[in-house]
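The values are calculated or read from the model by the stated rules, or taken from the named source; none is laboratory data. Predicted model only: the values in this text are computed from it and were never measured. Quick reminder, even Gly has a Cβ in these numbers, built from the backbone with ideal geometry, and neighbours come from all protein chains shown. Accessible surface areas use protein heavy atoms only, side chains included; no ligands, DNA or RNA. Shrake-Rupley method; radii C 1.70, N 1.55, O 1.52, S 1.80 Å.
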Amino acid sequence: RAKALGKARHEIFDFSMYSQAAQLLQLEMDLRRAVERQEFQVHYQPIVSLETYKIIGFEALVRWQHPQHGLVSPERFISLAEETGLIVPIGYWVLREACRQMRAWQLEFPAHPPLTISVNISSKQFCQPNLIEQIHQILQDTGLEASSLKLEITETVLMENYESATAMLLQLQEMNIQLHLDDFGIGYSSLSYLHRFPSSALKIDRSFVINIGANGKNLEIVQAIISLAHSLNIDVIAEGVETMDQLRQLQIKKCKHAQGYIFSQPLDSQSVDTLIASSLPFKLN
Ligand code: C2E
Ligand code: MG
Ligand code: MG
Ligand code: MG
């Protein structure tokens, strides 16, 4: 019996799993060190008007400058950061840095209306009782107007903490901070909560945008999301636009804003400087 168990155990706990667990533990230790040493950077992806092709703002996207592995994408560490709670200090660092940088760009490149900054807020961070206080402090320290800040949250945030989330959203609205629903369409209850929360824009998830070119199967869905948003007086931003075909369909469907590689990948702050200074508006072939 013991032998059988030992064998079974041996089969389940194979070497590849061992190395996965060890890797995860190593990643967690690295991430803790990264928070202490502030090994993060913020990259910025333009959000563009589909009427003028002008940049209206940027989304702040965190990267981790790992001493051995180089620049690590958030896809590889955000979920671990959430599980370990490290997303809270990381998130505040990103928020502060993004607000500081946007204020600097606004002063350097005055535009009417002013450029805005969109920052992703994770579920864990959204539950922090002092979130409002922290945001208030960051805006005060950096000099950024609340109306220039947009917080991107997903419906998970709303579903996991319905009561406190509602209260939080109302306070943010009172402060004049816009709320954008990220990754819209891929969740479970997208439609039912829409009218209950004071959001000012929906970001159509990239997985839908991929299939809207020439007879793409998601065109009707995207059309429906846009119509719904318009009837609720909510703005729409299409994520992950890569082709001219996708862009044309979105324009036909009266989607006002887009973000994607067709305009630009996320850029470091120096490249954004050059971009704002030189190529407003975008020119596409
Ligand atoms: P997201 O908020 O939905 O951000 C959009 C993601 O799509 C970004 O990936 C962006 O680089 C990518 N993207 C934009 N346009 C295109 C395109 O045309 N083609 C393709 N293939 N991809 C495109 P990124 O930077 O890797 O971030 C992934 C996710 O990590 C974000 O998805 C967000 O959920 C999370 N994240 C990033 N930064 C932060 C942060 O500071 N805090 C939190 N809580 N989450 C973050
Ligand atoms: Mg986002
Ligand atoms: Mg998104
Ligand atoms: Mg997404």
Checklist line | Neighbour cut-off at most 16 other Cβ (10 Å), DSSP loop, GluC sites (Glu not before Pro), region 217-285 | finding: E242
Checklist line | Nitroxide proxy distance, nm - points 7 Å out along Cα→Cβ at K54 and R248 | finding: 2.7 nm
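At a 1.4 Å probe radius, which order do S271, S118 fall into by accessible area, largest first? Can you show the working numbers first?
Details: S271 45, S118 0 Å².
Of S271, S118, the descending order of accessible area is S271, S118.
Please state the equivalent ellipsoid semi-axes for region 90-212: what are the square roots of 5 times the Cα gyration tensor eigenvalues, largest first, in whole Å?
On the way: eigenvalues 121, 68, 31 Å².
Each semi-axis is the square root of five times an eigenvalue, giving 25, 18, 12 Å.
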Item checked: Under 5 Å, built H, 5+ apart or other chain: amide partners of K150 -> I117, S118, V119
Next item on the list: Using only the alpha carbons of region 42-145, determine the length spanned along each of the three principal axes and report them from longest to shortest in whole angstroms.
Entry: 41, 33, 25
Note to self: I need the Debye-formula profile for the chain: one equal scatterer per C-alpha, no solvent, reported as log10 I(q)/I(0) at q = 0.08, 0.09, 0.11, 0.14 1/Å, two decimals.
What the structure shows: -0.39, -0.48, -0.70, -1.08
Margin query: How would region 163-285 be classified by its alpha-carbon gyration tensor: rounded, prolate or oblate, with rounded meaning a/c under 1.5 and the a/b versus b/c comparison settling the rest?
Written below: oblate
Next item on the list: Please work out how much accessible surface L107 shows to a 1.4 Å probe, ignoring ligands, DNA and RNA, in Å² rounded to 10.
Entry: 110 Å²
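Multiplying the sequence separation of T84 and Q270 by 0.36 nm and subtracting their Cα-Cα distance, what value in nm do you get? It would help to have the intermediate numbers written out before the result.
Numbers: separation 186, 0.36 × 186 = 66.96 nm, distance 3.18 nm.
Stretched out fully, the T84 to Q270 stretch lengthens by 63.8 nm.
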Notebook entry, point to check: When only the heavy atoms of the protein chains count and the probe is 1.4 Å, how do K124, K54, K253, K203 rank by accessible area, highest first?
Noted result: K54, K124, K253, K203
Notebook entry, point to check: Between the helical axis of 219-231 and the dominant principal axis of the chain, each derived from Cα atoms, what acute angle in degrees is found, rounded to the nearest 10?
Noted result: 60 degrees
Next item on the list: Compute, for E51, the solvent-accessible surface of its heavy atoms (probe 1.4 Å) with the complete set of protein chains present, and express it in square angstrom to the nearest 10.
Entry: 140 Å²
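Determine the per residue accessible area of the chain with all protein chains present and a 1.4 angstrom probe, expressed in square angstrom. It would help to have the intermediate numbers written out before the result.
On the way: 15190 Å² over 285 residues.
Spelled out: the 1.4 Å probe surface of the chain, per residue, equals 53 Å².
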Check: How far, in degrees from 0 to 90, does helix 15-37 lean away from the longest principal axis of the Cα atoms of the chain, to the nearest 10?
Finding: 50 degrees
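Based on the Cβ-Cβ distance of A22 and E220, what FRET efficiency does E = 1/(1 + (r/R0)^6) give at R0 = 51 Å, to the nearest 0.05? Intermediate values should be presented prior to the final figure.
On the way: r = 47 Å, r/R0 = 0.92.
Result of the calculation: an efficiency of 0.65.
For region 59-198, with only Lys/Arg (+1) and Asp/Glu (-1) charged at the beta-carbon, what is the dipole magnitude about the Cα centre, in debye rounded to 20? Can you show the working numbers first?
Values: 8 positive and 16 negative charges, 47 e Å.
Result for region 59-198 is approximately 220 debye, rounded to the nearest 20.
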